[in-house]
Amino acid sequence: MKKLIGKNKFRTAVFISGRGSNLLSLIKFSLNKNSPITIQAIVSDRSRAKGLDLAKKYNIKKKVVSFKKKKLAESKILEFLKKKRINLVCLAGFMKVLTKDFINKYSGTILNIHPSLLPKYKGLNTYERAIKNNEKYSGCTVHLVNSKIDSGKIILQKKVRITKKDNAKTLSKKILKQEHILYPRAIKKYLFNL
Ligand code: GRF
């Protein structure tokens, strides 16, 4: 893929449910002159997600959609993505599982970041489970999203060493630091290999 500049950048939406530290790292990445993405929207299922504050700060359109009725929520989001001409979605701490229907109907790509070395430790409480199993390493993975949880094609991973002193909190901190580096790198890898 050629260098993407100006109008040719991938119009990206980031989906969040909480803190938004990965969102911030992606925003910073998008603001580099040579970045292949431009963040055009932040989508959240929770109106109180802390990461939504970044919408105002960086002047990015936000959309909050309740998932009480999932089908309705997804159709609203699809309409919004279409209107904003979004061709890349990055899930970043988005806690809802998107349906097969949504994934099939959306014509772009959906990526996710997960705090484990997939295929190990899909789902929640990845840090606790890795420590409990006496793993020497854990880490993070960026992968394509398909209809099964944390199961799509792996794009990039980063290993993090687990020491005897680690608990879930210290491990999550170490992994998160790597996530912020990994997600932009994985996006580049994915887009430039298209
Ligand atoms: C990250 O650990 C990510 O891997 C997981 O949820 C967490 C989100 O953190 N999917 P943040 O909201 O980006 O700070």
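What the table below lists for this structure:
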| read-out | value |
| --- | --- |
| Index of the failed condition, R185 passing every other in (1) surrounded by 14 or more Cβ atoms within 10 Å (Cβ to Cβ); (2) at pLDDT below 95 | (2) |
| Failed criterion for T163 (all others in (1) modelled with pLDDT of 95 or more; (2) open to solvent by 70 Å² or more (accessible area, probe 1.4 Å) hold) | (2) |
| Set I110, I16, I37, I77: member being away from the ligand (no atom under 15 Å from the Cβ) and under 24 Å from L182 (Cα atoms) | I37 |
| Test: residue in region 59-76 that is under 23 Å from L31 (Cα atoms), of a type in the set (A, V, I, L, M), in contact with a strand residue (DSSP E or B) (Cβ under 8 Å, 6 or more places away or on another chain) and at pLDDT 95 or above | yes |
| Those residues of region 121-140 which are without any contact (Cβ under 8 Å) to a residue 24 or more places away in the chain, outside any helix (DSSP H, G or I), on the phi < 0 side of the Ramachandran plot and open to solvent by less than 100 Å² (accessible area, probe 1.4 Å), in sequence order | N133 |
| Flag for A41 being surrounded by 13 or more Cβ atoms within 10 Å (Cβ to Cβ), outside any helix (DSSP H, G or I), among the small types (G, A, S) and out of contact with any Pro (no Cβ under 8 Å at 6 or more places or on another chain) | yes |
| Options L118, L98, L171, L156: the member that is open to solvent by less than 40 Å² (accessible area, probe 1.4 Å), farther than 30 Å from N193 by Cα, free of Cβ contacts under 8 Å to residues at least 60 places away in the same chain and out of contact with any Gly (no Cβ under 7 Å at 6 or more places or on another chain) | L171 |
| Odd one out for S147, checked against (1) open to solvent by less than 30 Å² (accessible area, probe 1.4 Å); (2) out of contact with any strand residue (DSSP E or B) (no Cβ under 7 Å at 6 or more places or on another chain); (3) in a loop (DSSP other than H, G, I, E, B) | (1) |
| Subset of region 162-194 that is of a type in the set (D, E, K, R) and part of a loop (DSSP other than H, G, I, E, B) - its residue that is nearest to the ligand (Cβ to nearest atom) | D166 |
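The values are calculated or read from the model by the stated rules, or taken from the named source; none is laboratory data. Small disclaimer: the values here were computed from a predicted structure and weren't measured. Quick reminder, even Gly has a Cβ in these numbers, built from the backbone with ideal geometry, and neighbours come from all protein chains shown. In case anyone asks, the SASA skips ligands and DNA or RNA and just uses the protein heavy atoms, side chains included. Shrake-Rupley method; radii C 1.70, N 1.55, O 1.52, S 1.80 Å.
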